[in-house]
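Here, each number is a calculation from the coordinates, and none is a lab measurement. Values in this document were obtained by computation on a predicted structure and should not be read as measured data. All Cβ positions, glycine included, derive from the backbone under ideal geometry; neighbour counts span all protein chains shown.
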Amino acid sequence: MKTPYRADIDGLRALAVMPVVLGHAGIPGFEGGFVGVDVFFVISGYLISTILMSELREGRLSLFSFYSRRAKRLLPALFTAITASLLMGWVIMTPTDFEQFGQSVLAVLALGSNVWMWQNTGDYFGAAAEITPMLHTWSLSVEEQFYLIFPCFFALLYRFSPKLIWLIVALGTALAFWGSQWFTQTHPTAGFYLMPTRVWEFGFGALVAVIPWPRVSALTGAFFTLAGITLIAYAVCTFSAETRMPGVAALAPVLGATWVIFGGRQVNRVSRLLGTSIPVAIGLLSYSLYLWHWPVQVAFRLTSGYFELPIELGIASILLSFFLAYVTRHLIEEPMRKEKLWPVSVATITPWCIGIVCLSVVITREHGIPQRINQQVLETYQTAVLPSTVHEACMDRPMNDGPCLIGGSTGQRVFFWGDSHAGALLPAMDDWGHQTGMRIEAVAKAGCPPILGIDRSDRPSGFGCSANNSSVIKWLRQSNAPETVVLHARWPLVLTGKRSEGEAGGPQKFSNAGVGEADVLASLASTLSQLQMMQKRVVILGPVPEIGLDVPRAFLARERLGFKLTNRPPSSGSLERVKYAERNLRELAQRFGTEFIELSQSVTSIRASDKTGGLLYADDDHLSVLAAHDHVLPVLLREMDPLLDDRVKLAMQSAQ
């Protein structure tokens, strides 16, 4: 007997996919749209259990037939999206990004995309994830891994204890939920991506199918359906990148989807609304729409340079995704599933799969095939993104090894302390040291501003900002430590906690040694006070403007498409952030009698004004080596001159 069709479940699919698409496109109000994936997991758990129960009761379960239907349903559209995405990557992706893309495609085909994303991309909401075209396939891998195990397990349960199957599934779901909460608390990134922490979500859907529920009235069904929709909407509108998933918070979308499916068992007014033409039409497109929306948005991000798409580009990406989904469903997905185009079999799918595998292997082995890119374009890109030798030697160097020594060796010593923005200035500090004879002793740790007593609460406990900075101050207390300390960081982000417009990633959060929210400005004042008590001469280097768009990636993508990345100044929003930071830093400098040097006027565009048109940014906020040499160094030579003692000045004059 064929499982009865429920139009309201296709409507529920629409409720699942639309928040995902809208949230990923950056449409306001849908920050929690990623919970649509949790809704999909509940639907899958319900449908697979319903099908298995029906076929087991009738004695006609065939695992080969089951997996064959899955292949016909999923593979043609998936292979179409992968093929098109590889072509997109060939045109607009950088060699490094394209190489990783090739690796991720191989992981998708091996049903291990979620594991690859966990190991290589990391934070689902981080910047690296925003330009990974196959990121969204992590959920497909979770489903397929579950589908590889669950049918066999379910069939065994039915064979040996058909009357207790609901109880075993219920106990297993409860145990999986408890295990998921424990693991997600200690390993949040792995907990987000891996299948075992998601099993309980499938289990909730399965329970609707296997428990012999009593018949409910239409009114009761409408209550559950409406309550379920409300829970899903609550999660979509209130959850954010800071919500730990699949933690206890995931109960909202999971219970919501479960109640919608449960309530719809008895046709009611609310379920009828879900089963109307528009929700059903979107639901039928949901798989193809899900496949297309993310690669389309990645293409828009790479060509625009904005990892958080402006609303007009977000809307354009949604419209294009709908078009591609419609074409894929009607020209690929449905004809091949119904074998109207050609039979979906091992003989037809295997060559297509082998072709994708071979291309992905070549992309990976050839390191993204840089030969496909014009040499001059590639050199301009690489000059911007490749770190300097001093950056590679000094960045994130363990404090146990002591500071990194750069610059000259005949003059006085200067201690340079900061985060990755300080790391970007290392070439300028090195040149300044060589030209003045100054010996620079540098400590630069990414994500850790030179502020004592604070830790990154948005990073794992072992990130180590407080420990690193404590080691720095301990070293500075030595009798032979440098007398001058220069501080630099990404001050607008440090002082506001918010990223610049168009930039991916969540807010930057600090705690006081892991307890409570830190007052960053007060902690910086305390740091200056301690340095003052140590009789150090302190210099604060002000912030450089954040651009908000990934300049090198946008340059390469547009050049490959035949367009130019026009020069432009920092946005008004970026300059406002800089002014806010400068105002606070100047007040602190006056309060503690320290020096403040403004850097915001040293870089006023994204490209050099000379004929080379070199790129002044290595991404969306860090300066390139070119900018450090040509724009920051002159400021250091001019503004840092008062720091030089008379012996150094005489040495410089004699050298001239």
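General observations
- 3J(HN,Hα) along region 174-185, derived from phi through the Karplus expression 6.51 cos²θ - 1.76 cosθ + 1.60 where θ = phi - 60°, amounts to 5, 5, 5, 5, 4, x, 5, 5, 5, 5, 5, 5 Hz, with x in place of Gly and Pro.
- For region 360-375, putting each phi into the Karplus relation 6.51 cos²θ - 1.76 cosθ + 1.60 with θ = phi - 60° gives couplings of 5, 5, 4, 4, 6, 5, 8, 6, x, 6, x, 4, 6, 9, 3, 4 Hz, in residue order, rounded to whole numbers and with x for Gly and Pro.
- Here the dipole of region 1-132 is about 800 debye; that uses its Cα centre as origin and unit charges on the Cβ of Lys and Arg (positive) and Asp and Glu (negative).
- The phi torsions of region 433-441, fed into the Karplus equation with coefficients 6.51, -1.76 and 1.60 and a -60° offset, translate into couplings of x, 5, 6, 9, x, 5, 9, 9, 10 Hz, rounded to whole numbers, with Gly and Pro shown as x.
- Cβ-based charge dipole, the chain, positive-most Cα from ALA110, THR566, GLY437: ALA110
- Of the residues GLN371, GLN297, SER286, the one whose Cα sits farthest towards the positive end of the charge dipole of the chain is SER286 (charges of +1 on Lys and Arg Cβ, -1 on Asp and Glu Cβ, taken about the Cα centre).
- Overall form of the chain per C-alpha gyration tensor (a/c, 1.5; a/b vs b/c): prolate
- DSSP loop trypsin sites (Lys or Arg not before Pro) with at most 16 other Cβ within 10 Å excluded, longest remaining stretch of the chain: 61-214
- Among the chymotrypsin sites (Phe, Trp or Tyr not before Pro) in region 1-55, those located in a DSSP loop and surrounded by at most 10 other Cβ atoms within 10 Å of their own Cβ are TYR5.
- Its Cα centre serving as origin, the chain has a Cβ charge dipole (Lys and Arg +1, Asp and Glu -1) of approximately 2100 debye.
- Cysteines (scope the chain) whose Cβ has no counterpart Cys Cβ under 4.7 Å: CYS152, CYS237, CYS353, CYS358
- 20 Å Cα-Cα threshold exceeded, pairs from LYS536/LYS579; LYS474/LYS536; LYS445/LYS509; LYS498/LYS536; LYS498/LYS564: LYS536/LYS579; LYS498/LYS536; LYS498/LYS564
- Distant-in-sequence amide H partners of THR484 (H built 1.01 Å from N, under 5 Å): PHE415, ARG537
- Between 0 and 90°, nearest 10: helix 137-160 axis offset from the chain longest Cα axis: 40
- Cα gyration tensor category, rounded, prolate or oblate, for region 1-121 with a/c compared to 1.5: oblate
- Between helix 277-304 and the chain: long-axis angle, C-alpha atoms, 0 to 90°, nearest 10: 20
- Cα centroid of region 408-452 to Cα centroid of region 564-592, whole Å: 21
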